[in-house]
Amino acid sequence: MHRFILLIFFLIFSPAAVPAFPAGSHLRLTLHRRPESTGISRLEILRTMIHGDRRRQRMISDKIGRRRRVCSVPPSPAIEMPVWSGAYTGTGQYFVRVRLGTPAKPFLLVTDTGSDLTWVTCRYHGGADSPAPSPDDNGGGGRRSKRVFKADLSRSFRPILCSSDLCRTELPFSLSTCPTPASPCAYDYQYAEGSSAQGIFANESATVELLNRHRMKLKGLIIGCTSTSVGSSFISSDGVLALGYGPNTFVSRATAKFGNLFSYCFVDHLSPRNATGHLTFGPNPDLFPHSPSARLILEPKLQPFYYVSIAGISVAGELLRIPASVWNDSSGGGAILDSGTTLTVLAEPAYKAVVSAISTQLINVPRVEIDPFEYCYNWTTAAAAAAAVPDLTVHFTGSGNLTPPRKSYLIDVADGVKCIGFSSTPWPGVSTIGNILQQEHIWEFDLKNQRLRFHRSNCTQGSFYH
């Protein structure tokens, strides 16, 4: 059986009156895989993902600087959703099941920490002036998702008007088109890898399940009713769950009710399809009290991205000579944690230092040429069996050191072939910690205290690697 390398994303909901919940309850979401694609090699999939990563990296550089206001509400218990790897779909994404509308209907959404718009493939006939009455059959060149949210049948669906201040000044990618004051607010949302989504903004509800199995409804969510989507990113999903930092994202609404905390844990990207991680809003019961941490940089000008403060990188116990400016967001550098990028992308000075240090340790292993990787190795040889793959450690400013499993940076790209799993971006430029390097760790975002906590885990409840 071929194993596939890929990305990750997630969420889940369902309608009910909001009951009283005991203190300490939680909400957790689970991530799912789609049915397996056939006839696509592991290398072909990885090449597609890297191409998307490069386009996403360009978007990340262009998108930084967007400013918004932040809102908050009193805290309450927490929720959890299962998260599935998208490896079987031929994409590098994680999915989560989200229940939207009244009555609630389930949709499989891509989890994206670099996005500030939650949207679902949607049909709406609420007015003749609607710029997006129904989904495009071919997605404008892409392929329409199977599930369609029928907005007219939801009692909680309320279009946002194009004449509103919210539409004119706060919503990302809103269009100036406004035929009448009562017309819906339209958007044209552009993604890093070249995908796009067009539709109208609306207020809607989602139904979620707490860890204590009670259900509650999250009201007042801002979602996109997407009539047309373009690009391969959405072929296997029904839309996107916005986990980016900002005033109108799903994260801002959910964490405001659950202690300004959210976390996720991605299973190994080569795990079987029945393996699930989780997305949690509220305190994560599986995270140790004194887990390593790093400083989160959550400035409005950097939204929707989660910048982390990095002090340096070590390979085989040796701190690499990387200019400090590479990790400084004020000097054109910095680093973000991104669930929507597959490989870890390093600014050129850091990339050269890291791959040189790793490749030096593997100098006796026969190399093979596999585009687009710079360093690939024949792992069927005796030299490979005898090779000592060096440890890699990312040193965060503060107490946190991330030493990922070796499979997260020396990755399987084909049978018997491993490649150093980093890509480069020109300097000056932002580095991105991708989801393969994040796998098998719990990552908790403490938005109130601007801290990122993490711990090694296989992502099943109550289990850790030490």
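Residues checked against (1) part of a helix (DSSP H, G or I); (2) among the hydrophobic types (A, V, I, L, M, F, W, C):
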{"residue": "ALA311", "(1), (2)": "no, yes"}
{"residue": "ARG321", "(1), (2)": "no, no"}
{"residue": "VAL326", "(1), (2)": "yes, yes"}
{"residue": "THR341", "(1), (2)": "no, no"}
{"residue": "VAL345", "(1), (2)": "no, yes"}
{"residue": "LYS352", "(1), (2)": "yes, no"}
{"residue": "ALA357", "(1), (2)": "yes, yes"}
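Got a sec? Which strands (runs of 3 or more DSSP E) wholly within the range 383-442 have at least 1 residues that are surrounded by fewer than 20 Cβ atoms within 10 Å (Cβ to Cβ) and among the hydrophobic types (A, V, I, L, M, F, W, C)?
Details: elements: 392-396, 410-414, 417-420, 422-425, 431-433.
Qualifying strands (runs of 3 or more DSSP E): 410-414, 417-420.
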Could you please find all residues in the range 50-59 being crowded, with 24+ Cβ neighbours inside 10 Å and either modelled with pLDDT of 75 or more or in a loop (DSSP other than H, G, I, E, B) (or both)?
-> ASP53
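Which residue is modelled with the lowest pLDDT, if the candidates are limited to the range 60-105 and must be of a type in the set (A, V, I, L, M, F, W, C), within 28 Å of SER174 (Cα to Cα) and surrounded by 17 or more Cβ atoms within 10 Å (Cβ to Cβ)?
Going through the range 60-105, the residues of a type in the set (A, V, I, L, M, F, W, C) turn out to be 60, 64, 70-71, 73, 78-79, 81, 83-84, 87, 95-96, 98, 100, 104.
Within this subset, residues satisfying the condition of being within 28 Å of SER174 (Cα to Cα) are 60, 64, 70-71, 73, 95-96, 98, 100, 104.
Cutting the leftovers down to surrounded by 17 or more Cβ atoms within 10 Å (Cβ to Cβ) gives us 60, 64, 95-96, 98, 100, 104.
Numbers: ILE60: 69, ILE64: 60, PHE95: 92, VAL96: 94, VAL98: 96, LEU100: 98, ALA104: 97.
So the residue we want is ILE64.
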Looking only at strands (runs of 3 or more DSSP E) that fall completely inside the range 237-289, which ones have 1 or more residues that are in contact (Cβ under 8 Å) with a residue 40 or more places away in the chain, among the hydroxyl-bearing types (Ser, Thr, Tyr) and not assigned by TED's automatic domain parsing to the domain that holds HIS441?
-> 261-265, 276-281
Inside the range 148-195, can you point out the residues that are of a type in the set (Gly, Ala, Ser), at pLDDT below 95 and under 20 Å from PHE250 (Cβ atoms)?
-> ALA192, SER195
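Is it the case that some residue within the range 217-234 is outside any strand (DSSP E or B) and buried (at least 22 other Cβ atoms within 10 Å of the Cβ)? Outline the logic, then answer.
Start the filter on the range 217-234 by keeping residues that are outside any strand (DSSP E or B), which leaves 231-234.
After this cut, where a residue has to be buried (at least 22 other Cβ atoms within 10 Å of the Cβ) as well, the list is 233-234.
Within the range 217-234, one or more residues are outside any strand (DSSP E or B) and buried (at least 22 other Cβ atoms within 10 Å of the Cβ).
The values are calculated or read from the model by the stated rules, or taken from the named source; none is laboratory data. It should be emphasised that the depicted structure is a prediction, and the values quoted were computed from it without experimental measurement. Quick reminder, even Gly has a Cβ in these numbers, built from the backbone with ideal geometry, and neighbours come from all protein chains shown.
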